[in-house]
Amino acid sequence: MSDRVSTVGMYSQALTAMLARQADVARAQLQLSSNSKLLSAADDPVGAGMAVMLDRASAELDRYQTNAGSVGNRLNLEETALASAGDRLTRIRELAVQASNDTQSTSSRNAIVDELKQIYQGLIADANSGDGSGHYLFAGSQDASAPFAQGAGGVTYSGDQVQRRVDISSSVAVDDTDPGSEVFQRIRSGNGTFAARAAAGNTGSLVLTASSLANPATWTGGSYNVTFDGAGNYQVTDASSTVVASGAYTPGTAIQFAGTSLTFDGAPAAGDSFSVKPAPNQDVFATVKNLIDAASAPNSTAAQKAAQRNGFYAALEDLDQAQTHLIDVRAGVGARLNTLDTTATERDAQSVTLKTTLSGLRDLDYTEAASRLSLQMTALQAAQQTFQKVHSSSLFDFLRG
Amino acid sequence: MSDILSTGTSALLAFQRALATIGNNVANVNTPGYSRQRVDLSSRPGQQYGFGFIGSGVQVTNVERVVDTILTGRALQSAGELGRLSQLSTLAGNVDQVFSNAATGIAQPMSSFFDAAQGVASDPTSAAARNQFLGGAQDLVNRFHALQSQLQQQDNGVDQRLNAGVADVNALTRQIAALNDEIARQSGAGAGKAPNDLLDQRDQLLQQLGAKIGVTTTKADDGALNVFTTSGQALVMGNQAATLATTVDPYQPTRHSLALSSAGGPIAIPDSGVGGELGGMLQFRHDVIDPAENQLGRLAAGLAFKANAQQHAGTDLYGNAGSDLFAMPTPSVFARSNNTGTGTVNASVSDPSALGTNDIVLQFDGTNWKATDAASGAVLPMSGAGTVASPFSVGGISVTVGGAAAAGDSFLVRPTADAASQIGVALTDPSKIAAALPVRGSASTGNTGNASFGTFSVTDASDPNLRSPITIQFTGANTYSINGAGSYTFTSGAPINVNGWQVALNGTPATGDTFNVGPTGPGSSDNGNMRTFASLSDAGLFSGGNVSLTQGVSQLTSSVGSIAEQANLAQSAQSAIDTQLSDQRNSISGVNLDEEAANMVRFQQAYQAAAQIVSIANQTFQSLLSAVHS
C-alpha cells in the first residue's frame, strides 16, 4: 500500500468491503433459513456427491422397511394359518385314537366321522387362507385364485412351487409364504422312511401294531412283500420276488428284515400279505380322507375289523408325519419372522448412521451460523460507520470563505 | 524592469496552467479511467550579464499524466481473466443450482423410481404398485427432459450472448482504432507531447475490450496500440479494426464459435484463444454443458439399456416376455459440413459399460475408417467392419456406415449428448411390467428325495429356448438326464445351466426323482425378475462396470458442483487480484481531492505572489516614469 490514496480509491475500497460483508451476511442468512450449509454442490462437491449416495441408501432402507412390513404381515398370517391347521390335526388325531377304540359303537363312530368331515373342510379352508389383499398365502405365484380344490379324486393343488424372496435389507432377503404344495402336499407318509400297508384282499385278522426302522444302515429303499401262509410261517420277498427273509410267525414278535422291524398281531389267513415300500408323499387331505374312510368302513367281520384297525394304524402314522411336517414349516416361518426382527434392528442402526453422516454433511450448525451471522453483522456495521466517518471530511471544507 | 515583469508574467501563466490542471483533476475525480495530470514546471534559462546570470522566470514544460504503464498492462490482463471467470462462475453456478437442488436434480426421481421397483417386487400383482412404477418411470423421464432442456437453454444462451458480445467487441475495436488514429495524429502535431485524455480513453476502452474477449497489446512508434487476442490474432492494427464474427461449428450448424472476417473468408479463432466474457462462455460450453449433457445422457442411455434388457429377461402378467420399458435413445451423428461423399453413419448404444462421456469423430481416409476422441484427438480402438452384420464397435456404441463416403469425410458422433431428451416411457400397460422370471421349477410330489430348487436366474434372455419346458430326471443318486437325454453328474448346490437360465438343486435327490422347469404362466405373482430390476440402481453399469447408476448420479452432481466451485474460487482469487490492481492504479493515477486542495492553495499563493511581482514591476516602472516627468 502506497502512502497515496485516491479519493475514488477510498470510496471503492470501502464499498467493496461493505459489499463483501453484505454477501457474507446474506449467505449466513440463507443457510440459517434453509438449515443447510450446502446451498449448492459447489459448496462441497465431494460432500454433495456423497449425500446423493447416502440419500439413495436412506431411501432404500425406508423401502426395505416397507417390504419387511408387508412380508412380515404375510408370514404372520401364514403362522396363524399353520397354527390353526396344527390345532385341527391335533383334534383329528384325538378323534382317530377315539375312533380306533374297539368300544365305539357304530353310531358313536359316525358322530366322530361327522366331526372329522367338518375339520377336514376347515383344514382345506386353512390351506386356502388369504393375505387380506386378495392373494392366497399358499398358492406360490398363482395366488390370485384359491390353490386347493376338492374334486372326485381328493384335493387338488392348482398353485405352483414358486416361492418369492423379498429384500428386507441391502444384503438380506427372506422367503415369502411357502407354496401350498410344500406345506400340505409334500409330506412323507408311513414312518417317514417306509410305509407298511395291508393288502386290500386280506381275509385274516392280521393287524400291524408297530413298524420302525431298526437299522437305517441296512435299509435299501426297495419294495418288499411280507406274505403269510396261514400255517404259522411268513416270508419276505423283494421286488424281484427273491426271498430275503422267512420264518415262523409269532404274534407280538417283531419280524426284521432289511433294517425294518414289523410287529404283527392276530391270525393271518393263507395268502394275507403286507407291502413295505419307501414312504411315498401323501397330502394331508388324503391322510384325513383315509382316516374318515377307515372310520366309516363296516366292521362286522373279523377281516373287516382287522382292515379297519390297519386303516387306523396307517392314518395315525400318516397324521404324525403331517403334524411333524407342519411344525417344521411353522418353525421355518418363525425363523424368518425372527430374521425380520433382527434385520429391523440392523436397519435402524444403519439408518441412524446414515442420517448422522448426512446431517454432518449437510445440516447447519445453528450455534456456529448464528454467531457467525452476528459477527458479520457487526463487521458490516463497522464498515458502514467507518465509511461515514472517513468520508465526512475533506480539505475543501476548510477552504470555504 | 521588463525582466521583472516578464518573470512575473511567466509565473502567473505557469500557475494559471497549474491551477487549470488542478481544476481538471478535480472535475474528473469521478471519471472512470481518468489519470490525474501534473504540470511539470522548469525555470527559464537566465540572461547573462557581466556579473552572472539572472533567472528569467518559470515555464510549463509538460502536462504529464501520472500513470504506471506496467500496471495498466497487468490490469488489462486481469480484466480478461476476471471477465472469463465471472462469466464461467455465474453460468456454472446456474447449472450447479439446477443439478444439486433436490426439486430439480435427477437423484430424487431416480431413487423414487427404483423404490417403486422394490414396491412391485414386494407385491408383484398389485395394480397400485405397478402404476406407481410406471408413474415413477414417467417422472424420471420428465426430469431427464427438464434437465436436458435446461442445458439446451444455457447452450442457446451462450450462442445469443456470443452474438451480442461480438457486436460489443466490434464497436470497441472500431473506437480503439479511431483513437489510435487520433492519438498518432495529435502526438505528431504536439511534437511528441502525449494527448493525455485520449490515452486515458483508449486505456479505458481497452479495459472494456479485455473484459469482453481478453487481449494483449503492443505499442507502435507513432503512439498507436496494436491489439491482439490471447491467441495472437490481430483485432486492431493501428487505425484498422478487424471485424469479429460468429461462425458455425463444422459439425453442428446450430453451434457458434468466433472468427475474424477476412477477404478470404472467416478465420476461426480457437476457443482456447478467447478470454474475457466470451471466453468464459465458450469455456462454460466445453467444461460444463457438454460434459453435463454427456453424463446426463449416459445415465439415461444406461438406464434405458439395462431396464429394457431386464424387462426382456422377465415375464409379464400376461405370461409373455417383457417388452421395452423405455424408448431407447440413439447417439446423434453429425456429418461435417464440407463432406463431399454421400456416406451416412448410424450409431446405437451397445455396451453402457464402455460408454465414455466424450464425443467421437469418425474419419474416412478413402479405404479405412478411424475413430478419434473429439476432445483429445486420441485414436480410439475400433473393431468390426462397419456393416450391419459386423458393425464397428467403439466406445460402447456400434456404428454402421452406408452410402459412399469420400476420402477425408468425417462425422461427429455424440454418443449420449441428446439421450436425456430422447429417453421416453415406452410401456403404458402396467400388466406388461415383467416382474416374474421367465421360468419356474417344480419338484414332482412323487419325489422321495429331499432335493429342491434354489432361486432361478436368467443368464441369457435372448436364448430362443428360454421358455421351453424341460424335465430333469435322476437316473441315479448322483446322475441326471435332461429331457431324457444325456447323463450329467449332480452336485448339490452347483448351478445347472440350461436354455439361458440357471438354477441350483439343493439337497439329496433319490433315484427316479423328477424336476420340471417350465415357462411362467399368466398372472404369476413371482417377483424374481423385479428383484433384479430393483437392484439395478446399485449394480455396476458404467466405466467397465465400476460405476452404478446411483454413483453416476453422484458423480454428475459432484462434477458439475466441482466445476462451479473451481470457477468460484478462481473468480474470487482473480477478483482479489483485480481489486488490488485497481487500488494500485487508483493510488497512483487516481485524483485525491485533499491533495488537489493543498496544491490549489499552494499555486494560489504562488499566483498571488507572482501578481505582487507584476505589481512591483509596475510600481518600479511608475517610479521611474514619475522621476523622468518631474
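The values are calculated or read from the model by the stated rules, or taken from the named source; none is laboratory data. None of the values given here were measured: they were computed from a predicted structure. Neighbour counts are summed over all protein chains in view; Cβ atoms, including those assigned to glycine, are modelled from backbone coordinates with ideal geometry.
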Residue list for the range A:1-45, filter: polar (S, T, N, Q) and away from chain B (no Cβ under 12 Å): A:Gln22, A:Gln29, A:Gln31, A:Ser33, A:Asn35
Checklist (1) facing chain A (nearest Cβ under 7 Å); (2) part of a helix (DSSP H, G or I) applied to B:Ala573, failing item: (1)
Which numbered condition B:Ala375 misses (of (1) modelled with pLDDT of 90 or more; (2) under 30 Å from B:Met110 (Cβ atoms)): (1)
Meets criteria (small (Gly, Ala, Ser) and exposed (fewer than 15 other Cβ atoms within 10 Å of the Cβ)) for B:Gly476: yes
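Every residue, every condition in (1) surrounded by 21 or more Cβ atoms within 10 Å (Cβ to Cβ); (2) closer than 30 Å to B:Ile563 by Cα; (3) among the charged types (D, E, K, R); (4) more than 14 Å from chain A (Cβ to nearest Cβ), yes or no:
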site: B:Asn101; (1), (2), (3), (4): no, yes, no, no
site: B:Ser111; (1), (2), (3), (4): yes, yes, no, no
site: B:Gln118; (1), (2), (3), (4): yes, no, no, no
site: B:Leu179; (1), (2), (3), (4): yes, no, no, yes
Within the range A:182-193, tally of residues that are touching a Leu at 6+ places or on another chain (Cβ under 8 Å) and at the interface with chain B (Cβ under 10 Å from one of its Cβ atoms): 1
Residue among B:Gly561, B:Gly590, B:Gly528 that alone is within 13 Å of another protein chain (Cβ to nearest Cβ), under 30 Å from B:Thr471 (Cα atoms) and at pLDDT below 95: B:Gly528
Selection within the range A:158-181 - at the interface with chain B (Cβ under 8 Å from one of its Cβ atoms), surrounded by fewer than 21 Cβ atoms within 10 Å (Cβ to Cβ) and under 20 Å from A:Ala331 (Cβ atoms): A:Arg165, A:Ala173
Test for B:Val66: is it of a type in the set (A, V, I, L, M, F, W, C), surrounded by fewer than 17 Cβ atoms within 10 Å (Cβ to Cβ) and touching a helix residue (DSSP H, G or I) at 6+ places or on another chain (Cβ under 6 Å): yes
Residue within the range A:57-76 that is closer than 20 Å to B:Ser562 by Cα, buried (at least 18 other Cβ atoms within 10 Å of the Cβ), within 8 Å of chain B (Cβ to nearest Cβ) and without any contact (Cβ under 8 Å) to a residue 40 or more places away in the chain present: no
Filter pass, A:Ala379 being at pLDDT 90 or above, more than 14 Å from chain B (Cβ to nearest Cβ) and surrounded by 11 or more Cβ atoms within 10 Å (Cβ to Cβ): yes
Members of the range B:1-56 that are assigned to a strand (DSSP E or B), in contact (Cβ under 8 Å) with a residue 12 or more places away in the chain and not hydrophobic (A, V, I, L, M, F, W, C): B:Gln37, B:Arg38, B:Asp40, B:Ser42, B:Ser43, B:Gln47
Residues that are of a type outside the set (S, T, N, Q) and over 12 Å from B:Pro438 (Cβ atoms), drawn from the range B:465-476: B:Ile470, B:Ile472, B:Phe474, B:Gly476
Qualifying positions in the range B:571-615 - surrounded by fewer than 17 Cβ atoms within 10 Å (Cβ to Cβ), within 53 Å of the chain's Cα centre (by Cα) and in contact (Cβ under 8 Å) with a residue 60 or more places away in the chain: B:Ile577
One residue from A:Leu89, A:Leu54 being more than 8 Å from chain B (Cβ to nearest Cβ), among the aliphatic types (A, V, I, L, M) and touching a Leu at 6+ places or on another chain (Cβ under 6 Å): A:Leu54
Some residue of the range B:193-202 being surrounded by fewer than 20 Cβ atoms within 10 Å (Cβ to Cβ) and within 14 Å of B:Leu235 (Cα to Cα): no
Within the range B:428-510, strands (runs of 3 or more DSSP E) holding 3 or more residues that are under 22 Å from B:Thr520 (Cα atoms) and among the β-branched types (Val, Ile, Thr): B:470-474
Single residue of the range B:336-357 satisfying the filter (within 23 Å of the chain's Cα centre (by Cα) and at pLDDT 90 or above) that is surrounded by the most Cβ atoms within 10 Å (Cβ to Cβ): B:Leu355
Test for A:Leu32: is it out of contact with any helix residue (DSSP H, G or I) (no Cβ under 9 Å at 6 or more places or on another chain), surrounded by fewer than 21 Cβ atoms within 10 Å (Cβ to Cβ) and part of a helix (DSSP H, G or I): no
Residues of the range B:265-302 that turn out to be hydrophobic (A, V, I, L, M, F, W, C) and not in a helix (DSSP H, G or I), as a count: 4
Unique match (being aromatic (Phe, Trp, Tyr), farther than 16 Å from B:Arg602 by Cα and at pLDDT 90 or above) among B:Tyr49, B:Tyr34: B:Tyr34
Yes/no for A:Thr80 being facing chain B (nearest Cβ under 8 Å) and not hydrophobic (A, V, I, L, M, F, W, C): no
Complete set of residues in the range A:100-114 that are surrounded by 17 or more Cβ atoms within 10 Å (Cβ to Cβ) and either of a type in the set (S, T, N, Q) or in contact with a Leu (Cβ under 8 Å, 6 or more places away or on another chain) (or both): A:Ser100, A:Ile112
Members of the range A:136-157 found to be surrounded by fewer than 20 Cβ atoms within 10 Å (Cβ to Cβ) and either in contact (Cβ under 8 Å) with a residue 40 or more places away in the chain or more than 8 Å from chain B (Cβ to nearest Cβ) (or both), listed by number: A:Ser145, A:Ala146, A:Ala149, A:Gln150, A:Gly151, A:Ala152, A:Gly153, A:Gly154, A:Thr156
Count - residues of the range B:536-554 that are surrounded by fewer than 20 Cβ atoms within 10 Å (Cβ to Cβ) and facing chain A (nearest Cβ under 8 Å): 1
Filter result for A:Asp397 (surrounded by fewer than 15 Cβ atoms within 10 Å (Cβ to Cβ), without any contact (Cβ under 8 Å) to a residue 60 or more places away in the chain and under 23 Å from the mean Cα position of the chain (by Cα)): no
The range B:110-132: number of residues that are under 21 Å from A:Ser58 (Cβ atoms) and in contact with a Leu (Cβ under 9 Å, 6 or more places away or on another chain): 6
Subset tally (residues that are closer than 15 Å to A:Leu82 by Cα, of a type in the set (D, E, K, R) and without any contact (Cβ under 8 Å) to a residue 40 or more places away in the chain) for the range A:273-331: 1
